[in-house]
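Below: one structure, written as structure tokens.
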Amino acid sequence: MKTNGPRSSSLRIIGLGNELRGDDAAGLLTVRRLRHMIGDRAEVIEAGMVGVDLIELMTGASVVILIDAARSGKAPGSVHRFDASVSPIGRQVFPRSSHAIGVSEAIELARAMGVLPATVIVYGVEVGNTEVGHPLSPPMGEALDHVVRQIIQECEACHA
Amino acid sequence: MKGREENNSEQMKNTRTIAVGAIARVEGEGALRITVKDGSVQDVELKIFEPPRFFEAFLQGRHYDEVPDIVARICGICPIAYQMSAVHALEQIFGLRVEGALRDLRRLIYCGEWIESHALHVYLLQAPDFLGYESGIAMAKEHGAVVSRGLRLKKAGNAIMTLLGGRSVHPVSVKVGGFSRVPLRRELEGLKDELLWARDAAVETVRWVAGFDYPEFTPDYNDVALRHPDEYPFNEGQVVASSGLHLSVNEFEEHFTEHQVAYSTALHCTLQGSPYLVGPLARVNLNQEHVTPLAKQVLADCAVALPLRNPFHGIIARSVEILYALEESLRLIERYEPPPVPVAPITVQPGIGMACTEAPRGILYHRYEVDGDGIVRKAKIVPPTSQNQSRIEQDLRLFMPRLLSLPDKEVALACERVIRCYDPCISCATHFLNLDIRRESSA
């Protein structure tokens with residue numbers, strides 16, 4: 001797990017996924033691209049298949065932006081954005097997964113225990129191929145660029 | 001399988017099929033199909049997609065030094081197990097035995113993984129079954145303090161993994177011959193206060209789960225685990241079975257055979273043709289003499305006697321092992337003196353090596369063939385879940401008759417509970433476990 005910036009950062013960006021499983025790496029690759037562009041405006045964490053420890057990773061931040069692979073049946077590369085601080089995010093979009101306890105379950109567990117940060121934004125990048133050892137599918141590159149641009153805008157809004 | 005193929009179309013008209021979107025709280029992907037005909041269970045087929053098979057091919061042509069990092073990626077829940085089986089097998093090829101503080105550190109990092117994996121399963125995956133909640137989230141709403149205790153216990157395991165492994169998910173410091181970095185004494189001592197808290201919490205955990213209501217169910221198991229003369233097993237020992245089998249790890253493949261079944265990509269492993277049980281229940285039963293006095297006392301207080309014969313008591317075994325791992329961690333930290341070098345020197349030589357270690361879910365067998373340049377030519381991995389697969393199916397066959405009068409939805413939930421007893425780690429894979437019950441009648 002790679003991090004930059006102190007854990008006390010009020011803005012934290014966390015990428016999830018399995019880099020050995022093709023498009024499942026979308027969240028990880030997004031934060032890897034973001035890391036150099038975001039500077040000290042946010043703490044950036046590559047959390048891999050973090051599971052329930054996501055709760056711990058979110059603790060102490062006031063704003064958390066999560067990026068994970070999504071699978072709802074839309075075209076690969078489609079981007080979802082949810083405000084999880086308002087209502088639960090659908091498990092039909094973020095299936096229980098290689099991350100053991102998926103992102104939606106970790107968020108709901110944090111909510112049930114009263115430790116969910118004030119703002120939690122979740123980006124889901126719709127996946128195509130998640131076979132082990134498969135490279136990133138062609139539509140994903142553009143999708144990740146799009147997510148990176150959106151997140152940078154969100155960061156700027158946070159610091160405005 | 002045969003039974004279904006023999007059904008003619010007339011009979012199939014009487015088939016009812018229920019598909020449940022996913023079996024909750026099981027790590028990963030798979031499918032379960034149960035066929036009931038004329039009121040009796042005909043077929044139970046558990047299908048698991050099993051990526052270690054992919055990794056066997058993926059490892060070919062890789063340098064031995066890359067193996068620990070690659071196999072750590074097989075599973076997000078038990079990377080240490082994969083690393084430990086790999087390094088011990090490779091060290092056997094190179095004629096290396098890792099001793100002293102490095103051996104202790106390997107036990108310690110394995111303790112971290114057991115604590116982390118078992119605490120997750122006990123508190124968030126299986127306890128909701130006994131307390132009547134559909135999920136850990138629902139349970140957390142009414143038992144927030146208990147779930148917090150579970151998460152803090154898990155975190156104590158994470159802390160060990162992070163200190164020794166460099167990070168808690170996919171640790172990176174395990175190497176053939178030792179570690180890339182070993183901790184300072186004061187770094188390990190920094191863990192002690194939290195581990196002492198966790199030890200007390202583990203005692204409470206055993207008491208808590210011992211008080212659950214358990215269904216009466218005692219299949220006749222052939223338990224299989226490692227056994228070591230001096231210690232509760234992690235990385236070393238003979239492979240023993242309650243049937244009386246006793247063999248060295250090098251003889252594993254002579255007795256344990258994998259075979260394909262048509263409905264699953266995973267290979268089923270059997271012991272001399274029969275299902276067997278691996279995991280905490282089997283481990284505790286076969287290593288009773290190494291259960292600590294404190295754990296024995298707590299079990300006695302709760303009127304729990306070993307051996308445990310009910311698969312639902314797996315949660316008790318897992319809790320006892322959390323306690324063991326914490327006591328063992330504290331013991332290892334207490335006597336720790338940093339080794340002179342973090343990694344023992346390696347002399348590469350060609351050969352074949354094998355190792356079995358005790359993953360949280362049971363024995364994990366690796367075999368490697370390496371050439372004179374240290375390049376892996378062949379790899380074989382037998383994970384615990386594939387070993388338990390036949391046993392899970394057998395348990396479902398035995399448990400189903402008492403469920404047949406229930407509506408399909410309740411049958412499905414009960415089957416999920418049986419499957420969760422094994423903490424099956426299908427996770428290396430992903431996404432869904434579909435449940436399909438077919439009720440057929442020849443009338």
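The values are calculated or read from the model by the stated rules, or taken from the named source; none is laboratory data. Here the structure is a predicted model, which is why all the values come from computation and not from measurement. Don't worry about glycine lacking a Cβ; one is built from the backbone with ideal geometry, like all the others, and counts go over all protein chains shown.
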Taking segment B:122-142 and keeping only residues that are facing another protein chain (nearest Cβ under 10 Å) and of a type outside the set (D, E, K, R), one is left with B:123, B:124, B:125, B:135, B:136, B:137, B:138, B:139, B:140
Looking at B:122, B:146, which one is at negative phi, buried (at least 23 other Cβ atoms within 10 Å of the Cβ) and not in a loop (DSSP other than H, G, I, E, B)? B:122
Do you know which of the residues in segment A:8-22 that are of a type outside the set (A, V, I, L, M) and under 10 Å from the mean Cα position of the chain (by Cα) is nearest to the other protein chains (Cβ to nearest Cβ)? A:17
Checking residue B:96 against (1) away from every other protein chain (no Cβ under 14 Å); (2) not in a loop (DSSP other than H, G, I, E, B), the condition it does not meet: (2)
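Can you tell me which residue within segment B:51-107, out of those that are charged (D, E, K, R) and under 20 Å from residue A:51 (Cα atoms), is surrounded by the fewest Cβ atoms within 10 Å (Cβ to Cβ)?
Initially, segment B:51-107 is screened for residues charged (D, E, K, R), giving B:53, B:56, B:62, B:65-66, B:69, B:73, B:91, B:97, B:99, B:103-104, B:106-107.
After this cut, where a residue has to be under 20 Å from residue A:51 (Cα atoms) as well, the list is B:69, B:73.
Details: B:69: 18, B:73: 21.
In this case the residue turns out to be B:69.
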For residue B:91, indicate whether it is away from chain A (no Cβ under 13 Å) and either in a helix (DSSP H, G or I) or at pLDDT below 95 (or both). yes
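This table checks each residue for (1) farther than 28 Å from residue B:187 by Cα; (2) within 10 Å of another protein chain (Cβ to nearest Cβ); (3) polar (S, T, N, Q).
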| position | (1), (2), (3) |
| --- | --- |
| B:114 | no, no, no |
| B:118 | no, no, no |
| B:144 | yes, yes, no |
| B:157 | no, no, no |
| B:162 | no, yes, yes |
| B:167 | no, yes, no |
How many residues, within segment A:23-47, are modelled with pLDDT under 90 and surrounded by fewer than 22 Cβ atoms within 10 Å (Cβ to Cβ)? 5
Going through B:370, B:348 one at a time, which residue ends up being of a type outside the set (Ser, Thr, Tyr), crowded, with 20+ Cβ neighbours inside 10 Å and in the same structural domain as residue B:196 (by TED's automatic domain parsing)? B:370
Taking the stated definitions as given, is residue B:110 aromatic (Phe, Trp, Tyr), more than 10 Å from chain A (Cβ to nearest Cβ) and outside any helix (DSSP H, G or I)? no
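What number of residues within segment B:22-68 satisfy the criterion of being away from chain A (no Cβ under 11 Å) and modelled with pLDDT of 75 or more? Spell out how you get there, then give the answer.
Kept after step one, since they are away from chain A (no Cβ under 11 Å), are these residues of segment B:22-68: B:30-48, B:56, B:59-68.
Filter once more, so that each one left must be modelled with pLDDT of 75 or more: B:32-46, B:56, B:59-68.
Residues in segment B:22-68 being away from chain A (no Cβ under 11 Å) and modelled with pLDDT of 75 or more: 26 in total.
Output the residues belonging to segment A:63-82 that are away from chain B (no Cβ under 14 Å), part of a strand (DSSP E or B) and either farther than 20 Å from residue A:21 by Cβ or among the aliphatic types (A, V, I, L, M) (or both). Walk me through it before giving the result.
First pass over segment A:63-82, keeping only residues away from chain B (no Cβ under 14 Å): A:63-67, A:74-82.
Now restrict to residues that are part of a strand (DSSP E or B): A:63-67, A:79-82.
A:63, A:64, A:65, A:66, A:67, A:79, A:81, A:82 - these are the residues of segment A:63-82 that are away from chain B (no Cβ under 14 Å), part of a strand (DSSP E or B) and either farther than 20 Å from residue A:21 by Cβ or among the aliphatic types (A, V, I, L, M) (or both).
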From the list B:367, B:391, exactly one residue is touching a residue at least 60 places away in the same chain (Cβ under 8 Å) and either over 30 Å from residue B:127 (Cα atoms) or acidic (Asp, Glu) (or both). Which is it? B:367
Within the set of pairs 6+ apart or on separate chains, which have a first residue in segment B:268-279 that is closer than 17 Å to residue B:358 by Cβ and touching a residue at least 60 places away in the same chain (Cβ under 8 Å), a second that is aromatic (Phe, Trp, Tyr) and assigned to a loop (DSSP other than H, G, I, E, B), and C-beta atoms under 8 Å apart? B:276/B:221; B:277/B:221; B:279/B:422
Give me the strands (runs of 3 or more DSSP E) completely within segment B:344-443, filtered to those with at least 3 residues that are over 23 Å from residue A:49 (Cα atoms), modelled with pLDDT of 90 or more and among the basic types (Lys, Arg), ordered by residue number. B:376-382
Here are the criteria: (1) away from chain A (no Cβ under 14 Å); (2) touching a helix residue (DSSP H, G or I) at 6+ places or on another chain (Cβ under 6 Å); (3) at pLDDT 95 or above. Tell me which single one residue B:149 does not satisfy. (1)
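Any residue that is within 14 Å of chain A (Cβ to nearest Cβ) and farther than 25 Å from residue B:285 by Cβ - is there at least one of those in segment B:190-200?
Going through segment B:190-200, the residues within 14 Å of chain A (Cβ to nearest Cβ) turn out to be B:194.
So of that shortlist, the ones also farther than 25 Å from residue B:285 by Cβ come out as B:194.
Yes, because at least one residue in segment B:190-200 is within 14 Å of chain A (Cβ to nearest Cβ) and farther than 25 Å from residue B:285 by Cβ.
Only one residue in B:65, B:43 is assigned to a strand (DSSP E or B) and touching a residue at least 12 places away in the same chain (Cβ under 8 Å). Which one?
Working: B:65 fails: assigned to a strand (DSSP E or B).
Answer to the check: B:43.
Of the residues that sit in segment A:129-147 and are away from every other protein chain (no Cβ under 12 Å) and buried (at least 18 other Cβ atoms within 10 Å of the Cβ), which one is nearest to residue B:138 (Cα to Cα)?
Just the residues of segment A:129-147 that are away from every other protein chain (no Cβ under 12 Å), to begin with: A:129, A:135-147.
Cutting the leftovers down to buried (at least 18 other Cβ atoms within 10 Å of the Cβ) gives us A:136, A:140, A:143-144, A:147.
On the way: A:136: 36, A:140: 35, A:143: 35, A:144: 34, A:147: 32 Å.
Taking the candidates together, the pick is A:147.
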From the list B:331, B:318, exactly one residue is at pLDDT 95 or above, buried (at least 23 other Cβ atoms within 10 Å of the Cβ) and of a type in the set (D, E, K, R). Which is it? B:318
Restricting segment A:102-119 to residues that are buried (at least 23 other Cβ atoms within 10 Å of the Cβ) and not in a loop (DSSP other than H, G, I, E, B), the residue that is farthest from the other protein chains (Cβ to nearest Cβ): A:103
Just one listed residue, out of A:30, A:59, is in contact with a helix residue (DSSP H, G or I) (Cβ under 7 Å, 6 or more places away or on another chain) and among the hydroxyl-bearing types (Ser, Thr, Tyr), and it is A:30
Restricting to segment A:49-62, name every residue that is crowded, with 20+ Cβ neighbours inside 10 Å, more than 7 Å from chain B (Cβ to nearest Cβ) and not in a helix (DSSP H, G or I). A:61
Kindly indicate the residue of segment A:23-48 that is closer than 18 Å to residue A:145 by Cα and without any contact (Cβ under 8 Å) to a residue 40 or more places away in the chain and also nearest to the other protein chains (Cβ to nearest Cβ) among those meeting that condition. A:28
